[in-house]
Amino acid sequence: MSTPTMTRFRNHVPPLDSPSKQLMLDLVRDLEQVKIFDADLKKVHEYERKTFYENLDRIDREREAVHTAALDQAAAFHDRVREEAETTLKDHLLAEEEERLQKEEAIRKEQERIEREKTEKARREREAAARVEAERQAKEQAEKKAQEEADKKAAALETARKAANEEKLRKEREEADAQKLKQDEDARKVQEQADLKAYSQQQQKIGGGNLSAEDIRVQKRYVELHKTLKDMRKWLKDMGQSQSNLKATMGNLRRSIKKSVGQLRAGTGANKQQIIQLKTELEKALAYPEPTVDIRNFFAFPPEEIAKSENKVPAMLIYGLNILAKSLISSLLAEASIKQSHAEPIGIIAAQIFSFDIFTYKGLHMSDIMWAKYRVICPALWGFTGNDKTEGGRRVLGWWRSPDTGSWVSEQIHMDRMTALGAGYAAMTLRNFAKSPRRNPFPNTMFWATIHKILAIPPPELQETQVALLAALLRSSGERILGFFGQYGLALMHYIIVDLPRKLGRETMAVTQLSTLKELYLKEKNLAL
């Protein structure tokens, strides 16, 4: 690098007129030159210092690079040493683990050998003990058998002696018994004839001429249950006169149930909120501790384990279920008599509520509360029949009297009621619980049994009431009948819809409605009978 050139400024000054002034000017000029020289010298020194430090920095960098390379080399060496040490340690640990496993395997095998020896020894000891026991038992059996043989011989002799005596006495008794039996048989025949006559008269009187004594007993029990429910409602009402809290609870429960039932409508999932509301209200009734009632009184035929002892439940739950049954049937009569499809949501609600486990007692559904009301207002569904032109026949068939006038309702109103009740019965008893974890409170066999009891009545004796019920039972049930009963259900529908109208031999409105189901099935369900 070249040294900076010092620049000198030379100014031309004209000669002075005095030597001293000339001298002074020369001195001033030299001093200026000295200042310039010092400034340049400082720049030179500054440049040299800068160059010096730059050289030092370069040397430091070079030394640092050398040191870094040495450190990297040392680190790489240390890594190789560490990896070799780890590999050696891993091999050592594997060898130790393998040695430990070999020792454990040897110990295990030794223990198994010892255990096998113990087991084998115990087996041999058991076999030896069993042989000794078998020999002892065989000896005892032989001794016992010999004793029994001796006892048998003695007993045979004694028996033969007694038999001879008894035979003599038996013949004497037989002669006396034969005489008495003949007298009793004659008396029994006379009594049977009298009982048969009385039973036949009773059957005709209550419209159960085609039913068994058991069927009539069952119907009588449900009528008694219906009266028990009425008495319970009156009992609670009287108790509420002195207990305001009970009275308010009964009123709220009754209004809430009637409101929810009144809001039912057709459609899948349309009544989800109503089911929740009804379940909630009945759960509140179940939680109402007092008063209580004996649950046996509210099963038509309680099983033995319940019937043999008193079983208390909250009276409010029974009251709530009774109000629900009454409300559902009232809704049926009001809605399904106009349009049968309105029976479907009522059947769904009834099956849902009565199937909840919380409303059962020891696994038994409380559905008898529903059927007690149903059997009273429509006994024809259970095979009862009578002449609908007579007072007694109408009463047996479930012909209703006007609450205002007390006289029989018109034939049209009666048929509308039967249509609604038949549709409702089918909607309740043809529910499919195959995919539900709960049990069906209204088994499908009830539907089949009802059809069977109605068809057991000879066609000439079938009234318009039964024909209307059959039409209502089948109107919306074709697919379900096939699903539950298969080919038997198809044969049943063919008989009722095709064959029965021909056998009836009359063309009334009810018979026409029944026979037109054939075209209706074909049109709506593509089902040919």
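The values are calculated or read from the model by the stated rules, or taken from the named source; none is laboratory data. What you see is a predicted model; the values in this text were computed from it and never measured. Positions of Cβ are generated from backbone atoms using ideal geometry, with glycine treated the same way; all protein chains shown enter the neighbour counts. Ligands, DNA and RNA are excluded from the accessible area calculation, which covers all protein heavy atoms including side chains. Shrake-Rupley method; radii C 1.70, N 1.55, O 1.52, S 1.80 Å.
Which residue pairs have Cβ atoms under 7 Å apart, sit 6 or more places apart or on different chains, and have a first residue in the stretch 395-406 that is without any contact (Cβ under 8 Å) to a residue 60 or more places away in the chain and a second that is surrounded by 10 or more Cβ atoms within 10 Å (Cβ to Cβ) and aromatic (Phe, Trp, Tyr)? Listed pairs, sorted by first residue: Arg401/Trp408. Only helices (runs of 4 or more DSSP H) whose full extent lies in the stretch 447-529 are considered here, and the ones with at least 2 residues that are surrounded by fewer than 18 Cβ atoms within 10 Å (Cβ to Cβ) and within 36 Å of the chain's Cα centre (by Cα) are 478-494. Scanning the stretch 240-273 for residues that are within 16 Å of Ser327 (Cα to Cα), in a helix (DSSP H, G or I) and open to solvent by 60 Å² or more (accessible area, probe 1.4 Å) yields Asn252, Arg254, Arg255, Lys258, Lys259, Gly262. All of Glu461, Glu411 fail the test of being charged (D, E, K, R) and under 17 Å from Cys378 (Cβ atoms), apart from Glu411. Set side by side, the residues Leu157, Leu196 differ, and just one is surrounded by 10 or more Cβ atoms within 10 Å (Cβ to Cβ) and at pLDDT below 75, which is Leu196. For the stretch 420-434, state whether one or more residues are within 37 Å of the chain's Cα centre (by Cα) and open to solvent by 40 Å² or more (accessible area, probe 1.4 Å). Checked the stretch 420-434: at least one residue is within 37 Å of the chain's Cα centre (by Cα) and open to solvent by 40 Å² or more (accessible area, probe 1.4 Å). Within the stretch 358-374, restricting attention to residues that are among the charged types (D, E, K, R) and at pLDDT 90 or above, the residue that is nearest to Phe447 (Cα to Cα) is Asp368. Of the residues Glu310, Glu305, Glu290, Glu281, the single one that is open to solvent by 90 Å² or more (accessible area, probe 1.4 Å) and not in a loop (DSSP other than H, G, I, E, B) is Glu305. Contact map, the stretch 463-487: residues that are within 16 Å of Lys339 (Cβ to Cβ) paired with residues that are open to solvent by 10 Å² or more (accessible area, probe 1.4 Å) and not in a helix (DSSP H, G or I), Cβ distance under 9 Å, separation 6+ or inter-chain. Pairs shown: Ala471/Thr516.
Within the stretch 209-239, track down each residue that is of a type in the set (Lys, Arg) and either open to solvent by 100 Å² or more (accessible area, probe 1.4 Å) or free of Cβ contacts under 8 Å to residues at least 60 places away in the same chain (or both). Answer for the stretch 209-239, where residues must be of a type in the set (Lys, Arg) and either open to solvent by 100 Å² or more (accessible area, probe 1.4 Å) or free of Cβ contacts under 8 Å to residues at least 60 places away in the same chain (or both): Arg217, Lys220, Lys227, Lys230, Lys234, Lys237. When Asp388, Asp416, Asp368 are checked against the criterion of being surrounded by 16 or more Cβ atoms within 10 Å (Cβ to Cβ), among the charged types (D, E, K, R) and closer than 21 Å to Ser476 by Cα, Asp416 stands alone in meeting it.
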